[in-house]
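The values are calculated or read from the model by the stated rules, or taken from the named source; none is laboratory data. These numbers were taken from a predicted model, which means no experiment stands behind them. When we count neighbours, we look across all protein chains shown, and the Cβ atoms used for this are built from the backbone with ideal geometry, even at glycine. Side chains are part of the model used for accessible areas, which takes the heavy atoms of the whole protein and leaves out ligands, DNA and RNA. Shrake-Rupley method; radii C 1.70, N 1.55, O 1.52, S 1.80 Å.
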Amino acid sequence: MGCAGRINGDHPALLTMQTLSDSDLDDLAQHWVKVLPADDPNVGAARNAQRDRLTASGDQADWVAAFNLGIMTATTEKLPSEIRRFFDEHPDMPRTLHVVWHHPELAIRYTLVRLLATARTVSGLHNALSGNGFPAAQALTWGGIFGPGFLAPALLISAPWVQATMAPRAGALLIWPFNTSVYGARWPSNRLLDNVSPQNSRFCESSPATAPAHSAAQYAAFLTWWVDAVNRLLAVATDPARFPEPGTRTYSPDRQTQFLMSLERLFRDVAEVLRHAGRDHTARLRAAYDALDTLEGLQWPKFRDFTTPSQARKYLDEIAAKLPADVAAVLVPACRVGVDALDQVKDGFYDTGPLWTPAGLDGVPEARQPTQPWDVVVPNYLRIDRNSAHSFSDLAKDERAIFLAHRGELPTGLASLALLGLTHFLAHPERLEPKLGR
């Protein structure tokens, strides 16, 4: 692919997306001809047997797995024919692929950060260089920046409906759009673990599950926007000039490494929220709380801001106004689920309780603010729930009063606040850059 260029003259092109039609597939060979070895006959036979077993089942998850297996293991010269074979077997699917390229400059930038971080955390840089590479934050290489981590939320955006599958290759991720929404979670489940797990009565459904209303063209526009937004974010996050030591003009590899690790954690938590849609609501809410805490640590709006009903709706309105219409058609409905869930949290307070009023809670004992409107009560309640990860043992009297004034049942859509937070983060790059130089 050569060295990275610039996007609109503003940021280097570290990640770019290219859409390939059937006739363009033969051009893929030029990018991988020197990367993958020739096909081993034994490996090829085993791969083909596994692929045939998967495609014969007739299950959609199995043939998607077969497609991913083919993409990951086919030799360069056979890759176009492998892709066309899947196109032929599924004539109802588009004969189109999106390829997200990781340009060399991204590897160079990130390797520099890890090199300098390693130099400050190991004794003797020459030992690190002569070993297995740079140990500092090594897992990020495969799980985050150079892996599917930053794209996972985009592919899971409509979960439990799925609209595309993704398979990695060296220096790229190949995305095959379905052109429709496919329900990605069976219920009742045929997995033994699901059937022996106790049902959690703590959660109520936010709203009836319905398939996303956006079109395939809108989803493609959203993917393009997402890759561009992540590219802008990584251009800033991998630029050493953005990370001076506080109060000085010297570079801080520690600050930059910590920022990169925080980004990886943020995207991973949001992907976890989406991946468990319709299934493990406890895991979803825990991951959502973690994502909102990570955003607060990145000097973004605080946990309290994203859990305040009126403020969360303001953020949603900002996103809807700023995003292109086709992109908003995908993102805004998914984020609105979390915002609407905050109103359901408010409705969970006992309207026959001694503290309840139409405007909030009144007479909260030993509180600095005995009369609390809903915009104070709801984030206070969710903060207590989040902090219960450390147990409920040390609740103050006012916290006990607030927590016990609620039924304790939470809407499943509450976890979508994590997606709202990440979308707000990506949609406002101009607010991030001034924060980093502080």
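Evaluate the distance, in nm, between pseudo-label points positioned 7 Å from the Cα of Gln258 and of Lys78 along their respective Cα→Cβ axes.
With each label point 7 Å from Cα toward Cβ, the separation is 4.9 nm.
In Å², what does the accessible area per residue of the range 344-438 work out to with a 1.4 Å probe?
47
For labels at Thr248 and Val182 in the simple 7 Å Cα→Cβ model, what's the distance in nm?
Modelled inter-label distance: 5.4 nm.
Could you pull out the trypsin sites (Lys or Arg not before Pro) across the range 211-314 that fall in loop regions by DSSP (anything but H, G, I, E, B) with no more than 12 other Cβ atoms inside 10 Å? Don't skip to the end; give the middle numbers.
Values: sites: Arg232, Arg242, Arg249, Arg255, Arg265, Arg268, Arg275, Arg279, Arg284, Arg286, Lys302, Arg304, Arg313, Lys314; in loops: Arg249, Arg279, Lys302.
Passing sites in the range 211-314 are Arg249.
Between Asp239 and Ala170, what length in nm is gained on full extension when 0.36 nm per residue of separation is reduced by their alpha carbon distance?
Result for the pair: 22.5 nm of gain on full extension.
Where the centre of each part is set by its Cα atoms, how far does the range 261-277 sit from the range 342-372, in angstrom?
If we compute the Cα centre of each part, the gap is 32 Å.
Work out how much length Ala216 to Phe87 would gain on full extension: take 0.36 nm times their residue separation and subtract the Cα-Cα distance, in nm to one decimal.
44.7 nm
Taking R0 as 35 Å, what FRET efficiency do you get between Thr352 and Ala321 from their Cβ-Cβ distance, rounded to the nearest 0.05?
Once the sixth-power term is evaluated, E becomes 0.30.
If I model a spin label at Asp26 and Thr282 as a point 7 Å from the Cα along the Cα→Cβ vector, what separation in nanometres do I get?
Going from the Asp26 label point to the Thr282 one covers 5.7 nm.
Explain nothing, just the number: dipole magnitude of the range 303-438 about its Cα centre with +1 on each Lys and Arg Cβ and -1 on each Asp and Glu Cβ, in debye rounded to the nearest 20.
Values: 15 positive and 18 negative charges, 68 e Å.
In debye, rounded to 20, the range 303-438 gives about 320.
Quote the FRET efficiency, to the nearest 0.05, computed for Phe392 versus Arg368 with a Förster distance R0 of 25 Å and r equal to the Cβ-Cβ distance.
0.75
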